[in-house]
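Accompanying notes for the structure given below.
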Amino acid sequence: MTAVESRPAGVLGPTGHRPFGARAMAFVALTKPRIIELLLITTVPVMFLAEQGVPPMWLVLTTCLGGYLSAGGANALNMYIDRDIDALMDRTSQRPLVTGMVSPRECLVFGISLGVISTVFFGLLVNWLSAALSLGALLFYVVVYTMLLKRRTSQNIVWGGIAGCMPVLIGWSAVKNEVSWAALILFLVIFFWTPPHYWPLSMKVKDDYARVGVPMLPVVAGNQVVARQIVLYSWVMVAVSLLLTPLGYTGWLYTSVALLAGGWWLWEAHALHARAKSGVTGAKLKEMRLFHWSITYVSLLFVAVAVDPFLR
């Protein structure tokens, strides 16, 4: 931990040599656009389901922009709070605050500004329920996950993942100005998806987390325990995903995708558990297979959510 003093966040870049283009890209990087892409994948299809067809395109674009601003603000504030440990972790060593391309003060102002702008934007152009849900997601991610849970408990990603579930509710409320059982079911799908999605990545980079004292589950438990938890959450996730059809919200297409994609997920989860149980470590554990498939799974499932209303 003393290495923080030799590589302090926010002062690595020469302040007199920060080109405008590089600075602009650094501020974009603060929003973690690749993560936000995944959030939008869960927002837009839910809007199609809520509309039972094509929602107004201006509403879709407005909701996506508001969601980007809100999630971007949350991600920037997350980087501000975690700048000390980001400087020590290999996977985060090139983040803008660590390289010095953006100062901590600039990052803090940027994150707060995006949060305020996104809330007002949602309230005036979409509705105030969506604005409240968006603000709630931002505060939950920054305060509950980043400040309270991340460095204190191995269940950090379980409960912290609630913030990542909120785009589902925001997408539905943007169309209906209310929250329904369909939205809550999809919320739970993402809730139970998040741990088995993130834990394989945590298994891969657990040395990084151990170095900075963040108790991700793979840091404090063996691979077999982590893989068992992944299997348990995976079964619950697939079961919850199948609730939409008997409740009348989806038809044959969604059900087929949920069964096939979910079945493949369970195959990969059990295969990972079998490898961990047999003592396989290193590259042969192949934990990233499930991580990459998890992104494909959620994309396929939510595309089916969007297309299903047109086939009923």
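The values are calculated or read from the model by the stated rules, or taken from the named source; none is laboratory data. These numbers come from a predicted model, not from an experiment. A quick note on method: Cβ atoms are made from the backbone with ideal geometry, for glycine too, and the neighbour counts reach across all protein chains shown. We work out accessible area using only protein heavy atoms, side chains counted, and drop any ligands, DNA or RNA first. Shrake-Rupley method; radii C 1.70, N 1.55, O 1.52, S 1.80 Å.
Structure above, values below:
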| quantity | calculated |
| --- | --- |
| Ranking by accessible area, most exposed first, for Ser241, Ser256, Ser180 with a 1.4 Å probe | Ser256, Ser180, Ser241 |
| Equivalent ellipsoid semi-axes, the range 82-221, via Cα gyration tensor eigenvalues times 5, rooted, Å | 29, 22, 10 |
| Pairs of alpha carbons in the range 91-159 whose separation is greater than 15 Å (percent) | 66 percent |
| Cα-Cα pairs of the range 43-121 separated by more than 16 Å (percent) | 58 percent |
| Cα radius of gyration and Dmax for the range 180-249 (Å) | 15.0, 49 |
| Residues with amide H under 5 Å from that of Met101, placed H, sequence gap 5 or more | Gly13 |
| Glu51 accessible area, 1.4 Å probe, all protein chains in place, Å² to nearest 10 | 80 Å² |
| Among the listed pairs Lys176/Lys204; Lys206/Lys277; Lys32/Lys206, those beyond 29 Å (Cα-Cα) | Lys176/Lys204 |
| Cα-based convex hull volume of the range 192-306 per residue, rounded to whole Å³ | 92 Å³ |
| Extension gain, Val220 back to Ala22 (0.36 nm per residue minus Cα-Cα distance, nm) | 67.5 nm |
| Structure-derived Rg/Rh (Cα atoms, Kirkwood Rh): which label, when the choices are [x] 0.95; [y] 0.99; [z] 1.15 | [y] |
| Charge context of Val226, other residues only, Cβ under 13 angstrom, K/R +1, D/E -1 | +4 |
| Per-residue ³J(HN,Hα) for the range 242-250, Karplus 6.51 cos²θ - 1.76 cosθ + 1.60, θ = phi - 60°, Hz, x for Gly and Pro | 7, 6, 4, 5, x, 7, x, 8, 9 |
| The range 78-130, Rg to Rh (Cα coordinates; Rh as Kirkwood inverse mean 1/r) | 1.17 |
| For the range 225-252 and the range 264-295, distance of Cα centres in Å | 18 Å |
| Relative contact order (percent, whole number), the chain, Cα cutoff 8 Å, 6+ residue spacing | 20 percent |
| Extended-chain gain in nm, criterion 0.36 nm per residue less alpha-carbon gap, Ile117 and Ala283 | 55.3 nm |
| Net charge, Ser103 excluded, C-beta distance under 12 Å - Lys, Arg +1, Asp, Glu -1 | +3 |
